[in-house]
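**Q** Below is the structure I would like to discuss, written out as structure tokens.
Each value in this text was obtained by applying a stated rule to the coordinates, not by laboratory testing. Since the model is a prediction, treat every value here as computed from it, not as a measurement. Quick reminder, even Gly has a Cβ in these numbers, built from the backbone with ideal geometry, and neighbours come from all protein chains shown.
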Amino acid sequence: MDTAGSSADERDDPGWLGVEEASPFTGKKVTKAATEAKRWSSVVNATLVVLIMTMPPLVIFVGERLGAPTVWIKSTVASLGTRDQEESKKDALLGGLLVPGFDEQSCASRYQSVYYRKNMTRLPSPHLIKRLREQEALQRRCGPGTAPYKRATERLRSGQQVLDSNDGCSYLVLISYRGLGNRILATTSAFLYAMLTKRVLLVDPGIGNTLPDLFCEPFPGTTWVLPHDFPLENFRDLSEAAPENYGNVVVNRSSSVSGLRFIYAHLDHDSSQASRLVYCDDHRQFLHRVQWMILRTDQYMSPGFFFNPAYQKELDLMFPRKDSVFYLISRYLLHPTNNVWGMVTRFYNSYLKDADERLGIQIRVFDDNPVQHVLDQILACTSQEHLLPAVVSTPGAAPPLPTARARSKAVLITCLSSWYHDSIREMYWKSASAVGEVVSVHQPSHEGKQQWHHGGHDMKALAEIYLLSLTDKIVTSGLSTFGYVAHALGGLTPYITFKILDEKVPNPPCTKAMSMEPCAFTVQHFDCTKKDYKHDLPPRTPNMRTCEDVFWGVKLTDTE
């Protein structure tokens with residue numbers, strides 16, 4: 001009887017296994033049991049090959065009877081595991097945005113953050129990667145501790161004006177002030193301006209020297225921290241009235257500014273129209289020739305650079321998707337120190353990691369006392385957008401039976417006050433959710449009042465910004481730079497709550513943002529081609545829109 005032609009009934013009869021037949025390969029007599037064992041061995045081997053080729057690497061234990069295929073399977077699994085590790089390493093570099101070679105132990109967040117986030121919302125363009133590598137080389141060649149930096153600071157100390165330095169090294173010094181959200185927006189903007197103008201970025205560590213406590217060094221082999229012996233005394237006290245202010249240079253119609261050691265750009269939130277001409281092309285060649293530029297800003301400046309025709313081609317190459325500017329620059333530049341990253345990961349792993357969905361709610365109020373209508377607005381927004389489930393309103397209703405796997409939602413609330421967190425948590429403690437979803441509510445800290453340049457306060461604030469950026473969806477308060485940074489860092493398009501007037505919840509209470517980019521308050525609608533200051537956006541700005549929460553602000557969007 002032919003084994004291949006035997007029926008299921010015949011195989012159920014143990015007697016057929018002892019029948020001998022000639023092997024088609026050797027001609028020797030073998031039992032059908034042996035033939036069947038070999039046939040099933042082939043089937044198993046083929047099945048394992050399919051599994052290896054179509055599924056993620058598995059640990060497979062196979063009996064010695066399978067022989068050589070076992071060795072092949074082990075080597076295949078090992079090679080796939082190695083390939084998976086290589087892919088993880090590539091992912092850790094964020095598509096080429098980051099470079100390898102940093103000490104992973106001294107700044108764990110640089111390469112670890114990829115394991116806490118989803119895939120990149122926007123990938124860096126090849127031109128952006130190229131420009132980042134060029135900027136890194138410039139920072140190393142001209143930064144603190146180098147001969148060019150020493151010569152440049154000596155000239156500044158002596159009062160010597162330097163145009164067109166033979167070293168090819170020019171510098172942008174960012175004055176650090178105001179709250180953490182403002183400082184982060186200012187830092188990312190200053191870095192973009194440094195790349196556009198080919199300057200070394202040096203960041204003032206601020207009163208209290210808090211910068212090193214918050215962020216790791218972003219550039220390999222050098223520092224971005226302005227040294228404490230910087231020779232320009234009282235540079236933090238520069239104001240719009242300073243003769244070195246670029247606005248005054250323009251008003252005085254001077255392109256040589258004989259005797260000035262540096263140029264000062266005053267782009268604070270209250271800067272004048274003349275000061276904001278720095279965004280435009282007037283005297284651009286002079287600006288590029290001055291070796292030292294001091295910048296004061298507490299705002300997100302990046303959208304303003306897109307108004308300048310001289311920068312548009314370069315910006316288009318760096319950012320084909322215009323809504324990716326802050327997202328990509330922040331992911332490159334801002335890596336929390338180990339102390340801050342430890343706060344982030346411990347809280348995330350304890351309260352957020354295992355949830356099916358994570359919702360971030362950032363609440364910023366400028367009143368020391370809790371406000372009921374702010375809570376009402378948050379609940380109205382989360383209900384309208386189906387972000388939080390309703391609760392069972394029937395008193396005394398029997399709780400639902402426990403299910404094997406009820407869907408869970410972790411809500412992360414950040415606010416200076418704990419009252420909003422406590423109120424929402426109590427709502428889901430007293431009543432079950434109407435859809436059976438398990439809702440947990442968490443708040444890392446509640447500091448009471450904002451404190452500027454306070455090390456411990458800033459570290460907690462930065463940890464909360466990063467935690468918010470790790471959520472799946474996010475609700476933020478309008479006009480809040482803290483919220484802008486949190487959602488943009490995570491590549492999240494937020495739901496923005498509107499400003500409350502007359503203690504009445506707006507209708508609608510919130511709206512889905514048009515972009516994940518932060519709002520720029522003070523760039524406003526300036527037309528560099530006409531030198532005209534308008535409330536309407538200038539022509540040829542298809543990727544610029546008025547902000548949802550600030551009618552005088554603008555934000556970058558993506559036409560796609």
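**Q** What are the extents of the Cα atoms of the range 338-516 along their three principal axes, in Å, largest first?
**A** So the extents along the principal axes, rounded to whole Å, are 51, 42, 32.
**Q** Follow-up question, since we're still on this one. Got a sec to turn the phi values of the range 491-496 into Karplus ³J(HN,Hα) couplings, 6.51 cos²θ - 1.76 cosθ + 1.60 with θ = phi - 60°, whole Hz, x for Gly and Pro?
**A** Ordered by residue, 3J(HN,Hα) equals x, 9, 8, x, 9, 9 Hz.
**Q** Go through K118/K460; K353/K430; K118/K555; K449/K555; K198/K512; K130/K313 and tell me which ones have a Cα-Cα distance over 27 Å in this structure.
**A** K449/K555; K198/K512
**Q** Under the rule of at least 5 residues apart or a separate chain, name every residue whose amide H is placed under 5 Å from the amide H of G553.
**A** The list, which skips near neighbours in sequence, is C547.
**Q** Can you give the Rg to Rh ratio for the range 169-291, taking only C-alpha atoms and Rh from Kirkwood?
**A** Radius of gyration relative to Kirkwood radius: 0.95.
**Q** Which distance in nm do the two modelled labels at H386 and A92 give, with both placed 7 Å along the Cα-to-Cβ direction?
**A** 4.0
**Q** Report the gain in length on full extension from Q451 to E357: 0.36 nm times residue separation, minus Cα-Cα distance, nm rounded to one decimal.
**A** Net length gain for the segment: 30.7 nm.
**Q** Now a separate question. Consider a paramagnetic label point 7 Å from the Cα of D316 along Cα→Cβ; state which residues of the range 120-142 have an amide N under 17 Å from it.
**A** 125-128
**Q** How far, in nm, would the chain grow between S431 and H288 when pulled straight, counting 0.36 nm per residue and subtracting the alpha carbon separation?
**A** 45.1 nm
**Q** What value in Å³ per residue do you get for the convex hull of the alpha-carbon atoms in the range 456-501?
**A** 65
**Q** Here is a further query. Restricting the count to DSSP beta bridges whose residues both fall in the range 338-516, what percent are antiparallel, rounded to a multiple of 5?
**A** Looking only at bridges with both residues in the range 338-516, the antiparallel portion is about 25 percent.
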